[in-house]
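As structure tokens, the structure follows; a few thoughts come after it.
Every number in this text was worked out from the coordinates using simple rules, so none of it is lab data. Just so it is clear, the structure is predicted and the values come from calculations on it, not from any experiment. Cβ placement follows ideal geometry from the backbone for every residue including glycine, while neighbour counts extend to all protein chains displayed.
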Amino acid sequence: MNNVLVPLPVVLPLLAAGVRLALGPRITRVQRGISVAVLLSIVVIAAVLVYQTDRYGPQTMDPGGWPAPIGVMLVVDRLSALILLVSSVIVLAVIVYAIGQGAADNDEVTPLAIFHPAYLILVAGVADTFMAGDLFNLYVGFEILLTASYVLITIGGTGARVRAGMTYIVVSLLSSVVFLLAIGLCYAATGTLTMAQLAVRLDALPDDVRLVLQLALLVGFGIKAAVFPLSAWLPDSYPTTPAPITALFAGLLTKVGVYAMIRTQTLLFPGSNLTTLLLVAAALTMLVGILGAVAQTDIKRLLSFTLVSHIGFMVFGIGLASRAGLAGAIFYVAHHITVQTTLFLVTGLVERRGGSTSIERLGGLARLSPLLAVLFFIPAMNLAGIPPLSGFLGKLGLLRAGVEAGTPLAYTLVGVSVLTSLLTLYAVCWVWNRAFWGDRSKVPEPGQIIRTREGLGGTAIVAAAYPGSMAGTTLALVGFATAFTVVAGPLVTYTDRAAAELLERTPYVTAVLP
Amino acid sequence: MLAHFVAAVVAPVAVRRLGARAFWLIAAVPAAVTGWAVVTRGSRTEVFSWVPGYQLDLAFRMDALALLMVVVVAGVGALVLVYCGGYFNSGDVGLPGFAGMFVAFAGAMLGLVLADDLVLLYVFWELTTVFSYLLIGFHAEERNSRRAAMTAIVVTTFGGLAMLVGLIMIGLAAGTFRISEIIARPPSGATVTAGLVLVLVGALSKSALIPFHFWLPGAMAAPTPVSAYLHAAAMVKAGVYLVARLSPAFADVSPWRTITVVFGLATMIIGGWRAMRQYDLKLLLAFGTVSQLGFLVVMVGVGTWAAALAGVYTLLTHAAFKAASFMVVGIIDHGTGTRDLRKLSGLRSAAPVTCVCGVIAAASMAGLPPLGGFVSKEADFAAFTDDPVVLAVLVLGSILTVAYSARFVWGAFAVKPGREPTVMHGPGVSLSAPVVVLTVATVLLGLAAPVFDPIVARYANAYPPGPDDEHLALWHGFTLPLGLSALVLLAGAALFVARGAVSRVQAVLHPHLDAERTYRLIMHGLDRAADQATRFTQRGSLPVYLRFILFALLMMPGSALLAGLPWGGAVRLWDVPAEAVVAGLICVAALATVNQTWRLAAVMCAGVTGVGTATMFVLHGAPDLGLTQFLTETVTLVAFVLVLRRLPPKFVERQVEGIRRLNAVFAAAVGLLVAGMAYVAVNARTAPPASAGYPEAAIEAGGHNIVNIGLVDLRAWDTMGESSVLLIAAAGVIGLIYLRRTPTMPRAGESSGEVWARPGVPSFEEPEAARPAATWLRGSETLSAERRSIVFEVTAWTVFHPMLVLSLFLLFSGHGTPGGGFAAGLVAGLALTMRYLAGGRYELADALPLGPGVCQGAGLTVITVTGLTGLLISGEVFRETVLDWRLPVLGEIHFPTSTIFDIGVYLVVIGVVLDFLRAMGGELDRQVEEEGEEVITA
């Protein structure tokens, strides 16, 4: 059954990007309007898809009318729909924030009008990844979002960004090569790339060949998801970009890797015997990541490390491979997209108000700007898993799953998870202690010039009051994250059904190959 | 409770408006709750569904224990809020926020004692931790406050998280998380036992028992109302409450009783001992609280009827006298500006009411009749008459309590010889009224003990009463407990009198390593470990990261591959022998690429590998792919060469020889791995490939060129994605090279005629007459004269239009024969390249006067609109429709929409090539000219 809504989250942003480029840098206001309208419509579409998939099962579209395996099939099941919905909300919020920042900064982040096209194309890539029913199309989705992210990460071209971009781009290219290699191997071994068909044919392969394919895919996705030991590139590359871009990357890009892991592990390699490997990787990711966070003095870098660390929580859920574990991982993905983005956006506000993101140079913000304090504190506590916020609920699901599994390794993971939570709390409280409490005199008055930026243009960085739209968007996101707590009941049952659907496999397979 | 959270939101506003007086208004909320609790009394249960998936409901239950706790929490809360109204000044910074957090804390605390769900209890538990963190750090500008707040939250959250795991283990084992159900039918087994230990870790840390006790004295950095409430009456009682709550079900499970009794007793002794050393009145009380909390945990954890009765009653009396004592200290601090008992003297006469209250509270603390403290202590001793060891330790602890109580009274109020009486301004009604109320409560708890007995007994009835257990009363006759009480008082007084000797002993016994220092060491070690670990994993070096990744690749799929040895299957080395030759060529070229020291040479060698790959495609019977690959290689080479002009001609040699070898090993190993994987994968194939269906599908789609049909029809969705990739890559290049400069269209007329000039080499002057009347390429006039090449200009002029025609032919013939939008776009792009190379950037602008991105943008628009049209017409995105028109001159036109799609691709590719030329060619030229360097022309 073709659902006309399915391709729209990809086609609409691409159309908007095309129009935007074709028209050139004229009538920016209208073009901004187009961006926002397109992204808003995707939120609505995603919401409808959530309802439809939950009610009627996976929704599909075969572009060109060619059924799989000849054509590319787009599939949206509960997992895809939920992540699509959460990410489209995030994407909408970040663009509004970025427009607010751009308007206030005289388009500091939007030179040459490539910000909007790149942003829209990235959104299309993310959406395509979530709904790709074909392994190669999944790769195309990755390429779209990665290439757009290359553009965004080097935007403005300062020395630091180009250096960071270099690390990011080369590592991403390597991950793409690994992924492409794995795709080639899958096709060589099975003669198909349609995932539903792969699911059937991979079952028939000898175990060792299957394992080789599975591991090759895992390495590719592990780089994207920043799973230790493939994670070191992330904290070196994310923090240099402007706040909205870091926020977007932090929220979405690693989750794309996690999504791909969930999809391939459940659909292509069910009953995996890699549980131990994944769980060990999860534990190391959590620990190495959070230790990195504790060692930082810059908020952006610190948050980048917590990002790596909390990927471990999701891998923990995937590694358990039980229904409860997967449901916990899915919930955690939705939660983490939201909270990590929000925190980076808040950091953008901090940078604007305090002129820096280094804790050494900040102090007393809670008194200077109570709103900013609230905006930081709630998502920070959420990240640390303080109840009743979504971080706690996500963790609760995973801990329950771990205890239910009951193996020594699962218990170890439970222990590592709570330790990571504690250290996360320690890290964010440290930021709070130093930047929000403490000596207020370090923070300049609004309007005071702090220092002149190195490199091109020589723009002076000025401490400033942030525009309402930036704070408003951040506030809205904090509200969105808090809403998770309110709708936790239905949301948890939804993720549970999503996990059940993943483990069952048949709904997906029959939707593609009736 | 809900009222509290509402009040928490309203409170900051109220305080901002009304100043400190707003606290009195806010106090009405907990006061009302207290009233409500006292009136309803009976048991009530309320359940609201929250997260059924996690068996987590908003279940609340009011029973005897909860009732007592509510009275303590809300009653003391109301009094402390009244006290706050006098303690703070309206102008204090951060006061509105403080008010909000304080009330929210009270709400969380009520939730904690009313929760009938293990996880819900944890929710409120952590909330109290977080709010207490914020409250302790009220004096945010002081380093001590911040540190203490951090210690408190880290230690209690550590326990809290352990407890959470424990609660989950117990709940899952029991099959329910409802506390009342678990108490009714306690689960058992190893998991439950482990869970209980973890729960106790949480309870001990929250109630500041050894070894977690050190956070509580630190937390005295908080404003005194906070200490009076959180650290005497409410929050620290949470651990005691939890133990009291679970003991009826689990006291008999093996380590429960041992842990509570041992840690409780140890805490009681050490807390009392440390209290006697303090000079700060508040710290004295804090260590006293630690001691009492240990005592309480023993009482409620041991799990007998008498101990439960005594323990819960002690909890009540402790809340009353300890909150009162803290408030007294607050008044003294407020009035004199110091809490150091060495500096205070003669306050007895300066603040008589305060003094009376302080003395009564301390007397109750020491267990003097007829106060509450006496009654509870009697009951406590009575509960352990059959356990002499515990009883002895309790007595010892109580002696210490008497001693530090005396020290408190003496320190605060006594006239010290050789000290001027301290000047003090008297407390207002708002400060002293709550103290008086609490003092009266203390007295009542003593005199009217039998009145409270039935309520407390309702909790104790969870255990079977023993044969000679007695109810609460002032007078039981001449019993052993009475004798012990007298002994305790006498010994305590003696200890106080001998305080000089005691402090000398203490100075000797003071350990070098206490819990606080251990905590600091642990945290310090953690920070260092974090630094080390991060330095090890986070090298900041791209090659290291790449080696990490390749290593993972070798280890994981690599080991799986080796485990699969020996591999079955057969090798067929080649289909055509030429393949081997080409493959050898590619390998040689690849090796050569790595070994070049000149950048240009390396690029050329890399180009050879690309051309070799294209040849492979051709040999495999895919001329279309081959053609596209050749064209791509050419365009890439041009782009490379353009960029290389801005780079040093040689590579910078930085790698050490050893690293180079290591890299070579990695590369070779990965190469072998990939080959091995390919071998295994290909040989595992049993099913026919999906591509087998392509020829048929292509014919159905109306063409014979499978590659093109695949691109524009079967997998049009992928092509759309890849087009956007190309487009955005070019846009990124433009963005990076132009940076902040808005690209403008260069116009030939603006040129100085010095493009690509060689500085230092004088441009030879062309005689005016020698200038041709018309040039072949208009833009070439802008070039510096010595850079012009007539031959090249003529060639470019001649070939440009035929190439465009060729590209159009490729575009439209793609469906049936080799070609298609991509290849066609590249051909057109090459035509443009030629114009640029012959005539410079002005010539390029002349050839295609479009802004950057416009062409690609239009292309992507065409592509997506095609897709959407299909969606509109047939409900399938990219569904092909064939348009047939009859045009007057041309006759029948057969025009599939996929051709329109291909036009989109064509436009994208042209735009991309154009932008590359513009950015890497034209803009770099301009930058070089500005910097006055020599340009190396291609």
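Remarks
- Kirkwood's formula applied to the C-alpha pairs of chain A gives a hydrodynamic radius of 22.8 angstrom.
- On the principal axes of its alpha-carbon atoms, the range B:216-356 has extents of 53, 25, 23 Å, going from largest to smallest.
- Each peptide among B:53-61, A:141-149 gets the average number of other Cβ atoms lying within 10 Å of its residues, and from highest to lowest they stand as A:141-149, B:53-61.
- Surrounding net charge for B:L172, when Lys and Arg each add one and Asp and Glu each subtract one, Cβ distance under 10 Å: 0
- Of the complete DSSP H runs in chain A, those spanning 15 angstrom or more by Cα along the long axis with a mean Kyte-Doolittle score not below 1.0 are A:8-23, A:28-56, A:78-104, A:115-131, A:135-153, A:159-190, A:207-225, A:275-294, A:299-320, A:370-383, A:408-431, A:468-486.
- Rg of the Cα atoms in the range B:592-740, relative to 2.2 N^0.38 Å, amounts to 1.38.
- Each eigenvalue of the Cα gyration tensor of chain B, multiplied by 5 and square-rooted, gives one semi-axis; in descending order these are 86, 34, 29 Å.
- Straight-line cross-link partners of B:K322 among the lysines, defined as a Cα under 30 Å from its Cα and at least 8 positions apart when in the same chain: B:K206, B:K237, B:K282, B:K343, B:K377, B:K416.
- For the range A:8-512, the number of Lys pairs separated by eight or more positions or lying on different chains, with C-alpha atoms closer than 19 Å, is 4.
- Within 10 Å of each Cβ in B:160-172, the average number of Cβ atoms from other chains: 5
- Cα-based convex hull, the range B:528-665, per residue volume (Å³, whole number): 182 Å³
- Residue exposure proxy: B:H704, B:H425, A:H335, ordered by other Cβ atoms within 10 angstrom of their Cβ from fewest to most, comes out as B:H425, B:H704, A:H335.
- Think of each Lys and Arg Cβ as +1 and each Asp and Glu Cβ as -1; about the Cα centre, that makes the dipole of the protein assembly as shown roughly 4080 debye.
- Value of Rg to Rh for the protein assembly as shown (Rh from inverse mean 1/r over Cα pairs, i.e. Kirkwood): 1.06
- Solvent-free Debye scattering, log10 I(q)/I(0), computed from the Cα coordinates of the range B:19-77 at q = 0.19, 0.23, 0.28 Å⁻¹: -0.76, -0.88, -1.03
- Along the axis of the charge dipole computed for the range B:172-283 (Cβ charges of +1 for Lys and Arg, -1 for Asp and Glu, origin at the Cα centre), the listed residues B:A251, B:T191, B:S205 are led at the positive end by B:S205.
- Loop-located chymotrypsin sites (Phe, Trp or Tyr not before Pro) across the range A:157-251 with a Cβ neighbour count of 10 or fewer within 10 Å are lacking, with loop assigned by DSSP.
- Remark on the range A:108-203: hydrodynamic radius 14.7 angstrom, per the Kirkwood mean of 1/r across alpha carbon pairs.
- Mean separation of Cα contacts under 8 Å, 6 or more apart, over the residue count of chain B: relative contact order %: 8 percent
- Local electrostatic count, B:S364, Cβ distance below 15 Å [Lys/Arg +1, Asp/Glu -1]: 0
- Alpha-carbon centroids, the range A:383-407 and the range B:826-885: separation in whole Å: 51 Å
- As a rough guide to protection, the peptides B:522-528, B:553-559, B:88-94, B:402-408 ranked by mean Cβ packing within 10 Å, highest first, stand as B:402-408, B:553-559, B:88-94, B:522-528.
- When the Cα atoms of the range B:111-231 are aligned to their principal axes, the ranges along those axes come out at 49, 26, 17 Å in descending order.
- Inter-chain shielding of B:142-155 (mean C-beta neighbours from other protein chains, 10 Å cut-off): 3
- Take each residue of peptide B:294-300, count the partner chain Cβ atoms within 10 Å of its Cβ, and average: the result is 0.
- Neighbourhood charge, 12 Å Cβ-Cβ cut-off, centred on B:F138 and excluding it, Lys, Arg +1 and Asp, Glu -1: -1
- Extension gain, B:R572 to B:E181: 0.36 nm times the residue separation minus the Cα-Cα distance gives 133.7 nm.
- Using R0 = 60 Å, the C-beta based FRET efficiency linking A:E404 and B:T795 works out to 0.20.
- Counting beta carbons within 10 Å around each of A:T407, A:T338 and listing the fewest first gives the order A:T407, A:T338.
- Net dipole in debye of the range A:8-512 [+1 Lys, Arg Cβ; -1 Asp, Glu Cβ; about Cα centre; nearest 20]: 920 debye
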